[in-house]
Amino acid sequence: MATSSDEFDLIDFIAARAAPAANVPVGIGDDAAVIRTPNGDELLVACDTILEGTHFRIPEHDPRLIGRKSLAVNLSDIAAMAGRPTAAFVGLSLRRGRRFAEELMEGLIELAAEFDVSIAGGDTTSWDGPLAITVTALGEPTGAGPVLRSGAKPGDVLYVTGPLGRSFETGHHLSFRPRVAEAIRLHQSIPIHAMIDISDGLLSDLGHLCRASGVGAAIDLASVPRRDGAPIAEAISTGEDFELLFATPQDITDFDVIPIGKLTEQPELVESASGRLLSEFSSREGYRHSL
Ligand SMILES: Nc1ncnc2c1ncn2[C@@H]1O[C@H](COP(=O)(O)OP(=O)(O)O)[C@@H](O)[C@H]1O
Ligand SMILES: Cc1ncc(C[n+]2csc(CCOP(=O)(O)OP(=O)(O)O)c2C)c(N)n1
Ligand SMILES: [Mg+2]
């Protein structure tokens, strides 16, 4: 029987059938996987697709920015592990002409150079469907190790690295700078228990972090930073913010990050002032690809 479902149901289906492997200490379920190499080193691997019509529009968006975004969303996933990106593979499913593809790759390669990421391979195909770009980014953890979604503890303070909301309307979703340097600097100076990047919206991604950690959260909605006066309901649910959300036991004073709440033993996500469920403050819970 056909039922309506979404990406997360399917990922659960896949994860339940994917056999665990000793050399994959972190597999499906985090921003990037952690792969152990034969000499004991750890490699981070993240893979994200962007699609015409869903993540960008043609001809409205500059091909350079589309190419840039396809890499940036993956660097954001490496940042969410507090990792340093090293290399990327680029899968292009193209339709339009050669010049468009060249400009797209110029934008991608420019961002790669800024982050010292080498384009190590990929795949090029053409068809008459919409443009799709799938990038796989590789990275390495710093000396302090990778930060997972699952290490948050009740009492930890939750921080975000910047304003949320109106990403699509303002073009932030195309031009954002992945928070790689910020994550590494933070991780070197304070204990970060858990971290995730906000792609689907604060409500949704906070839910992922809390479920993975077995905790809940009390958020002070008045302190959630918003872009260009975005209404709070939008700031917590529209997504593509690509800011980092992280949990730490420490109060942070010397970094440009904003405290928005605390983790709790009770599994619910609530507003701290009223105790009401966070989901009551927005008609949508975040972006979901439906199936
Ligand atoms: N088709 C798939 N097969 C295997 N793993 C998948 C698939 N789609 C997503 N995942 C994994 O599921 C987890 C959640 O994916 P997603 O919500 O896209 O994460 P993110 O927001 O960090 O990109 C990730 O670990 C991702 O690698
Ligand atoms: C044309 C267009 N419509 C709508 C949006 C908004 N939007 C599209 S996908 C998305 C969420 C993030 O995408 P997803 O593929 O779920 O990223 P992931 O969580 O895997 O990193 C949002 C907010 C957009 N960027 N472009
Ligand atoms: Mg993804």
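A few comments on the model shown:
- The stretch between T253 and D123 holds 42.3 nm of extra length on full extension. This uses 0.36 nm per residue minus the Cα-Cα distance.
- Computed label-point distance, nm, for sites R96 and R288 using a 7 Å Cα→Cβ extension: 3.3 nm
- Sparse-neighbourhood loop sites, trypsin sites (Lys or Arg not before Pro) in region 42-108 - DSSP loop, at most 16 other Cβ within 10 angstrom: R57, R95, R96
- Within-15-Å neighbourhood charge of G151 [Cβ basis; K, R +1; D, E -1]: 0
- Per the Debye formula on identical point scatterers at the alpha carbon atoms of region 65-129, with no solvent, log10 I(q)/I(0) at q = 0.12 Å⁻¹ is -0.31.
- Once the 1.4 Å probe is applied to the protein heavy atoms, the chain comes out at 46 Å² accessible per residue.
- When only Cα pairs below 8 angstrom with a gap of at least 6 residues are kept, region 157-281 shows a relative contact order of 45 percent.
- Cα centroid separation - region 23-54 against region 195-257, whole Å: 22 Å
- Over region 128-226, Cα pairs under 8 Å with separation of 6+ residues give a relative contact order of 46 percent.
- Rg(Cα) / (2.2 N^0.38 Å) computed for the chain, rounded to two decimals: 0.99
- For region 22-141, the residue among T86, T49, A132 whose Cα projects farthest onto the positive side of the dipole built from Cβ charges is A132.
- Extension gain, V24-S150: 0.36 nm per intervening residue step, less the Cα-Cα distance, totals 43.8 nm.
- Averaging the sequence gap over all C-alpha pairs within less than 8 Å and six or more residues apart, then dividing by the number of residues, gives region 1-141 a relative contact order of 30 percent.
- Rg and Dmax of region 1-127, Cα atoms only, in Å: 16.7, 49
- Here the chain exposes an accessible surface that is 52 percent carbon and sulfur, computed with a 1.4 Å probe and the other protein chains kept in place.
- Legend: translational diffusion of region 63-192 by Stokes-Einstein, Rh = Kirkwood radius over C-alpha pairs, 25 °C, 0.890 mPa s; D = 153 µm²/s.
- For region 4-71, GluC sites (Glu not before Pro) are listed when DSSP marks them as loop and at most 13 other Cβ atoms sit within 10 Å of their Cβ; the list is E60.
- Spatial extent of region 157-281: Rg and Dmax, with the Cα atoms as the point set, Å: 13.6, 38
- Cβ-Cβ FRET estimate between L277 and I11, R0 fixed at 25 Å, reported to 0.05: 0.55
The values are calculated or read from the model by the stated rules, or taken from the named source; none is laboratory data. Note that this is a predicted model, so its numbers are computed, not measured. Cβ coordinates were reconstructed from backbone atoms using ideal geometry, including for glycine residues, and neighbour counts include every protein chain displayed. Only protein heavy atoms, including side chains, enter the accessible area calculation; ligands, DNA and RNA are left aside. Shrake-Rupley method; radii C 1.70, N 1.55, O 1.52, S 1.80 Å.
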